[in-house]
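*Asks:* One structure follows; several queries about it will come next.
The values are calculated or read from the model by the stated rules, or taken from the named source; none is laboratory data. For clarity, every value in this text was computed on a predicted model and none was experimentally measured. Note: ideal-geometry Cβ built from the backbone for every residue, glycine included; neighbour counts use all protein chains shown. Just the protein is used for accessible areas: all its heavy atoms, side chains included, with ligands, DNA and RNA removed. Shrake-Rupley method; radii C 1.70, N 1.55, O 1.52, S 1.80 Å.
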Amino acid sequence: MDKQDFDNFVFDFNSLEDGTLNESMMNVFGAWIQYLLEKMFKGAKIPVRVRGDKIQVMRFTNALVHEKRYMNAIKKYGLDSPMTYKSRHKLDRAIQKFEKEVGINWPLK
């Protein structure tokens, strides 16, 4: 899957309810999240096409935003800073809420 494929990629959380999520799909999901984070750090338009109920999409967005904030905290303060620990805690909570609501594991840990 190349970068152009990601721009046209749609992840539908509603389709997960039928149990069709497999390891291959999780790998694609993880690669897609990494690609989105790269776009966010470059300040580029984020090609997000996510479907699901309102809560699922909100939980996904929150986890993605907190992932970026945590990476920014590491870059700015280092790993041992209280600010970084605080950011990591918020990321952990966002991931926990995502996993509970959507029913799949967050691929970046």
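*Asks:* Which residue is modelled with the highest pLDDT, if the candidates are limited to the stretch 40-65 and must be part of a helix (DSSP H, G or I) and open to solvent by less than 50 Å² (accessible area, probe 1.4 Å)? Spell out how you get there, then give the answer.
*Replies:* First, the residues of the stretch 40-65 that are part of a helix (DSSP H, G or I): 40-42, 54-65.
Imposing the further condition that a residue be open to solvent by less than 50 Å² (accessible area, probe 1.4 Å) reduces the set to 40, 56-57, 60, 63-65.
Values: 40: 80, 56: 92, 57: 91, 60: 91, 63: 95, 64: 91, 65: 92.
That would be 63.
*Asks:* Do you know which of the residues in the stretch 11-35 that are outside any helix (DSSP H, G or I) and at pLDDT 75 or above is farthest from residue 46 (Cα to Cα)? Steps first, answer last, please.
*Replies:* Initially, the stretch 11-35 is screened for residues outside any helix (DSSP H, G or I), giving 11-12, 19-22.
If we keep only those that are at pLDDT 75 or above too, we end up with 11-12.
Values: 11: 14, 12: 17 Å.
Here the residue is 12.
*Asks:* Spot the failing condition for residue 86; the list is (1) buried (at least 16 other Cβ atoms within 10 Å of the Cβ); (2) out of contact with any Asp or Glu (no Cβ under 9 Å at 6 or more places or on another chain), and only one is missed.
*Replies:* That leaves (1) as the condition not met.
*Asks:* Of everything in the stretch 59-73, what is touching a Lys or Arg at 6+ places or on another chain (Cβ under 9 Å) and hydrophobic (A, V, I, L, M, F, W, C)? Give them in sequence order.
*Replies:* Keep residues of the stretch 59-73 that are touching a Lys or Arg at 6+ places or on another chain (Cβ under 9 Å), which gives 59, 62-63, 66, 69-70, 73.
Selection gives 63, 73.
*Asks:* Is there a residue in the stretch 68-91 that is in a helix (DSSP H, G or I), closer than 21 Å to residue 11 by Cβ and free of Cβ contacts under 8 Å to residues at least 24 places away in the same chain?
*Replies:* no
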